[in-house]
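Asker: Have a look at this one before I ask anything.
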Amino acid sequence: MIFGKIWSAFKAQLNKVANYFWTADPIAQLQYEYDQAVEQMKSGRQGLEQYQALVQRVTRQVAINETHVKNLEAKVKSYLAVGDRETAGKFVLELQKAKNELAENQNQLKIHQEAYGNHLTKIQHATKKLQDVKEKIQKYDADLKMSRAEAELAELSKDFNFDVTTDFGAIESVIQEKIDKNRAKVKVSADLSNEGIVDIQKEQAMEKAVADQALRDFELQMGMVTPETVKVQDTTKELGPARQTTTN
């Protein structure tokens, strides 16, 4: 009884190991079963070829029997035609024996042909089934790989959760802060670049006015213009914009 329990426990462990290897790589297991079936199919085809050789031998024997029967019939007719009934009787007995042998071989040929046809149909059907199994293995293999890849991607997307509470989220926040600081520096530099422009423009305008006054003084000293002419030009310059404004 104890040995029986030990044996049962041992078989249970073996079954556990067998199930592990069975489910570890189901595609490989299917491929193994397919290869085994293909080997059996090869053996079945060889047996079918041998059976067909038997059919050919029986067919040839039937043809020989038919020729022999025809020859005996011709001899019986010939001896009857010349009135030799005794010899004709001997060939008639041989003819009966030949006909019986022919009928037996014809019956055997029919049986063998039907059996060959049945085996051929079975092998053709099994071949088609094997082709279906092969296509299923390829499909299962592709589906299994695709589902495994999808599962890995799902797991990967869960790990790469860019939340602020994760390390990746914290790193992303630091990067954004650096980007904001860099952009702030650029904005400040742009704003500072506009400072002093008004003062520079005023200084340039003042320099231009001084230059214009110096030029008038030079023209007066050189007699190129008179004070009255200068006053008229100044008046024209002052009234010019006003008139334009009024006209507009």
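Asker: To the nearest 0.05, what FRET efficiency results for Q108 and K128 with a Förster distance of 22 Å applied to their C-beta separation?
Answerer: Given R0 = 22 Å and the Cβ-Cβ separation, E is 0.10.
Asker: While we're on this one: Would you calculate the separation in nanometres between label points at A37 and R60, each defined as 7 Å from the Cα along the Cα-to-beta-carbon direction?
Answerer: Those two pseudo-labels are separated by 3.7 nm.
Asker: On to the next question. Cβ neighbours within 10 Å, averaged per peptide: list 211-221, 91-101 in order, most packed at the top.
Answerer: Highest mean packing first, the order is 91-101, 211-221.
Asker: Also, I was wondering about something else. Could you sort out which of K42/K128; K70/K90; K42/K110 sit more than 22 Å apart by Cα distance in this structure?
Answerer: K42/K110
Readers should treat all values here as calculations from the given coordinates under stated rules, not as data from a laboratory. The shown structure was predicted, so the numbers you read here are calculated from the model rather than taken from an experiment. Ideal geometry is used to build each Cβ from the backbone, glycine not excepted, and the neighbour counts take in all protein chains shown.
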